[in-house]
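Structure, as structure tokens:
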Amino acid sequence: MEIRKLSDHPQFGLVGNSRVIRQCWNFKLGKGENTPSNLNTQGEDIHVIIAGTGRMTIGERSSEIREGEIIFVPPRIPHRIENPESPMLHGITIESDWELPALDSPGAAAGVGKPAVRESSRTIDEIMEALPETVNEAEAIQTVVRLFDIGGRLSEQIEEALGLDNEDGVHALERIEKKLMSAIVTIADRYRGAGPGLPPRRWR
């Protein structure tokens, strides 16, 4: 058994303001392949490198990337991933929005009349307790997206209850972030590529 804590990239630190997960992409790049340059116009991106090594270019900065790293991309910054040498570079990208939909928007209308969802850190524990010892690609991606959605709601609740301009609020948010990162590490460790996963999706 191997248990490893994933860390953010030394140059591209994991610091963002997004509140809503929009969609998740799976990518696999063979040797010599690269993604087209793209940018998230509505929020931020988080890339989790599952296997292999490569190079990430964000704006004018470029750096080597490797298995186990998490790379944060700020909003509206062109970026691309290259695989110059590795037999296979595999990862997932989580796209987010900065803000919740406006109350008068079509996206918010679907929630009218429904009670607000309240979360607790126990929700994360329950998801991880139910996670199989081995997960395939689809299960891993779906669980990560679900956890980030819960993390967004928890951060909103902390901001409402405590605020984020004081020590109590900051510490509460840090505890949730650490719990989420620990859960993602567990998911990565249990990912074995077993069974059919999601088919590769092209980059926009």
Completion exercise
Considering segment 169-204, residues that are among the small types (Gly, Ala, Ser) and modelled with pLDDT under 85, and then whichever is nearest to Pro36 (Cα to Cα), we arrive at Gly197
Exercise for the section: State which residue is modelled with the highest pLDDT when the search covers only segment 150-168 and only residues that are of a type in the set (S, T, N, Q) and under 17 Å from Lys179 (Cβ atoms). Expected result: Ser155
Exercise for the section: Can you tell me which residue within segment 57-85, out of those that are part of a loop (DSSP other than H, G, I, E, B) and within 21 Å of Ile184 (Cβ to Cβ), is farthest from the chain's Cα centre (by Cα)? Expected result: Glu67
Problem - Selection within segment 106-125 - surrounded by 11 or more Cβ atoms within 10 Å (Cβ to Cβ) and either at pLDDT 50 or above or under 16 Å from Ala183 (Cα atoms) (or both) - result: Glu119, Ser120, Ser121, Thr123, Ile124, Asp125
Handout entry: Scan of segment 34-56 for residues that are part of a loop (DSSP other than H, G, I, E, B) and either under 12 Å from the mean Cα position of the chain (by Cα) or of a type in the set (Gly, Ala, Ser) (or both), ordered by number
Key = Ser37, Gly43, Glu44, Gly52
Practice task
Could you tell me whether segment 160-168 includes any residue that is in contact with a helix residue (DSSP H, G or I) (Cβ under 6 Å, 6 or more places away or on another chain) and either part of a helix (DSSP H, G or I) or surrounded by 18 or more Cβ atoms within 10 Å (Cβ to Cβ) (or both)?
Solution key: no
Handout entry: Search result, residues across segment 24-61 that are in contact with a Leu (Cβ under 8 Å, 6 or more places away or on another chain), of a type in the set (Val, Ile, Thr) and touching a residue at least 40 places away in the same chain (Cβ under 8 Å)
Key = Thr35, Ile46, Val48, Ile49
Handout entry: Near pairs, Cβ below 6 angstrom, 6+ apart or cross-chain, from segment 66-95 (aromatic (Phe, Trp, Tyr)) to any residue that is outside any loop (DSSP other than H, G, I, E, B)
Key = Phe72/Ile46
Practice task
May I ask you to list the residues in segment 128-159 that are hydrophobic (A, V, I, L, M, F, W, C) and assigned to a helix (DSSP H, G or I)?
Solution key: Met128, Ala138, Ala140, Ile141, Val144, Val145, Leu147, Phe148, Ile150, Leu154, Ile158
Exercise for the section: Test Glu160 against the criterion of being over 20 Å from the mean Cα position of the chain (by Cα) and of a type in the set (Asp, Glu), and give yes or no. Expected result: yes
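The values are calculated or read from the model by the stated rules, or taken from the named source; none is laboratory data. Source: prediction; values computed, not measured. Positions of Cβ are generated from backbone atoms using ideal geometry, with glycine treated the same way; all protein chains shown enter the neighbour counts.
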